[in-house]
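The values are calculated or read from the model by the stated rules, or taken from the named source; none is laboratory data. None of the values given here were measured: they were computed from a predicted structure. Cβ placement follows ideal geometry from the backbone for every residue including glycine, while neighbour counts extend to all protein chains displayed. Note: accessible area is taken over every heavy atom of the protein model, side chains too, but ligands, DNA and RNA are not part of it. Shrake-Rupley method; radii C 1.70, N 1.55, O 1.52, S 1.80 Å.
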Amino acid sequence: MSGAFQVPMPDNEPVQSYAPGTPERASIKATLAEMSSREIEIPLIIGGEEVRTGRTKKAIMPHRHGHVLATWHMAGQAEAERAVHAATEAWKEWSAWSSEDRASVLLKAADLLAGPYRDAVNAATMLCQSKTVYQAEIDSACELIDFFRFNVYFAEQLYSDQPMSAPGMWNRMEYRPLEGFVYAITPFNFTSIAGNLPTSPALMGNVVLWKPSRPAVFSAYYLMKMFEEAGFPPGVINFVPGDPRAVTEAALASPDFAGIHYTGSTPVFQGFYRTIGERIADYKTYPRIVGETGGKDFIVAHPSADDEALRAAIVCGGFEYQGQKCSAASRVYIPAAMWKRIKGGLLDEVAGIAVGDVADFRNFMGAVIDENAFKDHTAFIEDARKSPDAEVLVGGEADMTEGYFIRPTLIQAKQPAYRTMCEEIFGPVVTVYVYPDDQWHETLTLVDRTSPYALTGAVFAQDRRAVREAMVALRHSAGNFYINDKPSGAVVGQQPFGGARASGTNDKAGSMLNLVRWVSARSIKETFVPATGYRYPFMGAE
Ligand code: NAD
């Protein structure tokens, strides 16, 4: 094939509204009903083959935990080793595919998801991760479609970055895939991340072991079927949900392990880093370690901030998807005079949030992901009820009779270092600290020093000087920084996402910075008329 092919210019996938009377609403409701009426079996997919281990778990709905969506087979160490073998076999062909052929697979995946798979992947995300239809649409449809299309575009830009050539030679840069396989471990909370972590390395010519998160195996399986239909050859992406420790041990014990693409909590990532470090001499190449991890995302309001904008940001930024977004606002700093003005309205608004089954479109929030999360979050709330340093202002009611429901909860911390101001909760709990009106500068220092994380953060101020001060004081406090906007809702191609400090390696998913991690460049120098002697002019006789 000859031709300097150009991939289509990407644009963000339009978000469907699902408002009453729209065709998309009727269509997703039909899919929800159909998916809820049957139970499927989910095998592993290794080297293109379905594998059933007989060791199974149930995929359930968090908002109706008695309802089983699927039975899925669990991989152990033996199956993960088989997947490592399948991946390294597939590498021989896939790593030699042209970039256009690989791009076509991703672009087809984007169109499959925008079209025939949209309802299935959205409905699966709603049912097994308890997302409202809008939260599913912006995640499992739009963001993942964007990841596919924008990554293809960024890959082309990376490939076109070529060195200069002096006369008599031609210098080139070849962006090879890594020599080995990439291990992708994905979190429960974003189907788009689950889809992006295996496919972005694959786009760059790598082969992948993909271990989805337990509560999200159901939606992950639909993605895997879509990847197969899009044209990834067998073994390029191997689907190995299962025992996290056993699968990880098989992956990290292989000399062909070439990289990890992880999103999830901080301690788990630090464990991988440690193991990889201890085994560094055993690997054929130095593994790429990419991880996006926990957060303790802040909103800090200046006395000049707009009351209404701040209130809306707290509610949407803190409670959408039950606060289970890595970017969710969870600690808020408000000046005393403003707090007096907004407190009543804010509490009323939070008290009025509808929580329930996501198939009922009137609800703004569903259930938290599982029993462990339910117990963790309620323990934080109980602690706040008992502590002299905190007060539960609204919410806090929790009931797991039918589903893992926790009402959106607002805590006021009387001490800025109270634990819900510092520790990641990852649930529908927002803590407010009210600071004296004249302590803006001190408060900025507090925001910066309070947590080890640095994922997202927002400043609200009308006074431009205050915005500037926050930009400087909080320069390293957030990898995604927002001015007069909630700290969540990053869009691919617009706000590349990732945090620093304990929040991750900040390789910005959905940007060229991420793709760079999945290539190993080869510099090529070709000389057209080579020198035939070794003597330099300076060696000539006087
Ligand atoms: P988690 O850490 O429980 O799980 C993440 C993945 O790691 C899952 O696939 C899980 O099975 C696996 N895992 C867990 N323990 C393991 C072990 N001991 N060995 C090997 N694998 C193991 O996280 P989660 O509950 O799925 O997601 C929530 C966390 O993810 C939060 O901390 C959140 O901040 C973070 N997150 C971060 C970002 C980001 O971009 N920074 C995005 C989404 C989620």
What is the one condition in (1) over 26 Å from the mean Cα position of the chain (by Cα); (2) in contact (Cβ under 8 Å) with a residue 60 or more places away in the chain; (3) closer than 30 Å to ARG25 by Cβ; (4) open to solvent by less than 30 Å² (accessible area, probe 1.4 Å) that MET400 does not satisfy? (4)
Taking the range 481-525 and keeping only residues that are of a type in the set (D, E, K, R), surrounded by 11 or more Cβ atoms within 10 Å (Cβ to Cβ) and more than 30 Å from ILE334 (Cβ to Cβ), one is left with ASP507, LYS508, ARG517, LYS525
Taking the stated definitions as given, is LEU223 closer than 26 Å to GLY498 by Cβ, aliphatic (A, V, I, L, M), within 16 Å of the ligand (Cβ to nearest atom) and surrounded by fewer than 24 Cβ atoms within 10 Å (Cβ to Cβ)? no
What number of residues within the range 497-513 satisfy the criterion of being assigned to a loop (DSSP other than H, G, I, E, B) and more than 11 Å from the ligand (Cβ to nearest atom)? 1
Check off (1) among the small types (Gly, Ala, Ser); (2) touching a strand residue (DSSP E or B) at 6+ places or on another chain (Cβ under 8 Å); (3) within 16 Å of the ligand (Cβ to nearest atom); (4) farther than 21 Å from TYR482 by Cβ for GLY403 and give me the number that stays unchecked. (3)
Assuming GLU292 fulfils every condition listed in (1) acidic (Asp, Glu); (2) over 30 Å from SER95 (Cβ atoms); (3) within 14 Å of the ligand (Cβ to nearest atom) apart from one, which condition is it? (2)
Positions within the range 312-360 being more than 19 Å from THR132 (Cα to Cα) and open to solvent by 10 Å² or more (accessible area, probe 1.4 Å), in sequence order: SER330, ALA336, ALA337, TRP339, LYS340, ARG341, LYS343, GLY344, GLY345, LEU347, ASP348
Counting only residues that are near the ligand (Cβ under 9 Å from one of its atoms), surrounded by 24 or more Cβ atoms within 10 Å (Cβ to Cβ) and β-branched (Val, Ile, Thr), how many does the range 229-277 have? 2
Just one of (1) within 26 Å of PHE190 (Cβ to Cβ); (2) assigned to a strand (DSSP E or B); (3) more than 16 Å from the ligand (Cβ to nearest atom) trips up ASP485, so point out which. (2)
For the range 188-206, pairs from a residue that is more than 16 Å from the ligand (Cβ to nearest atom) to a residue that is basic (Lys, Arg), with Cβ under 6 Å and 6 or more apart or across chains, are LEU203/ARG102
So, in the range 136-167, exactly how many residues are of a type in the set (S, T, N, Q) and open to solvent by less than 10 Å² (accessible area, probe 1.4 Å)? 2
Candidate set from the range 367-387 (those that are in a loop (DSSP other than H, G, I, E, B) and within 16 Å of the ligand (Cβ to nearest atom)); member that is farthest from CYS316 (Cα to Cα): ASP370
Could you list, ordered by first residue, the pairs with Cβ atoms under 9 Å in which the first is in the range 280-294 and more than 19 Å from VAL516 (Cα to Cα) and the second is open to solvent by 60 Å² or more (accessible area, probe 1.4 Å) and β-branched (Val, Ile, Thr), at least 6 apart or interchain? THR293/VAL268
Restricted to the range 421-457 and to residues being outside any strand (DSSP E or B), under 19 Å from THR293 (Cβ atoms) and of a type in the set (Ser, Thr, Tyr), the residue least open to solvent (accessible area, probe 1.4 Å) is SER451
Taking THR293 as the residue in question, decide whether it is within 30 Å of ALA328 (Cα to Cα), touching an Asp or Glu at 6+ places or on another chain (Cβ under 8 Å) and either of a type in the set (Val, Ile, Thr) or open to solvent by 10 Å² or more (accessible area, probe 1.4 Å) (or both). no
Could you check the range 1-116 for strands (runs of 3 or more DSSP E) lying wholly inside it with 1 or more residues that are open to solvent by 60 Å² or more (accessible area, probe 1.4 Å) and of a type in the set (S, T, N, Q)? 56-61
For ARG535: the one exception among (1) among the basic types (Lys, Arg); (2) surrounded by fewer than 17 Cβ atoms within 10 Å (Cβ to Cβ); (3) at pLDDT 95 or above: (3)
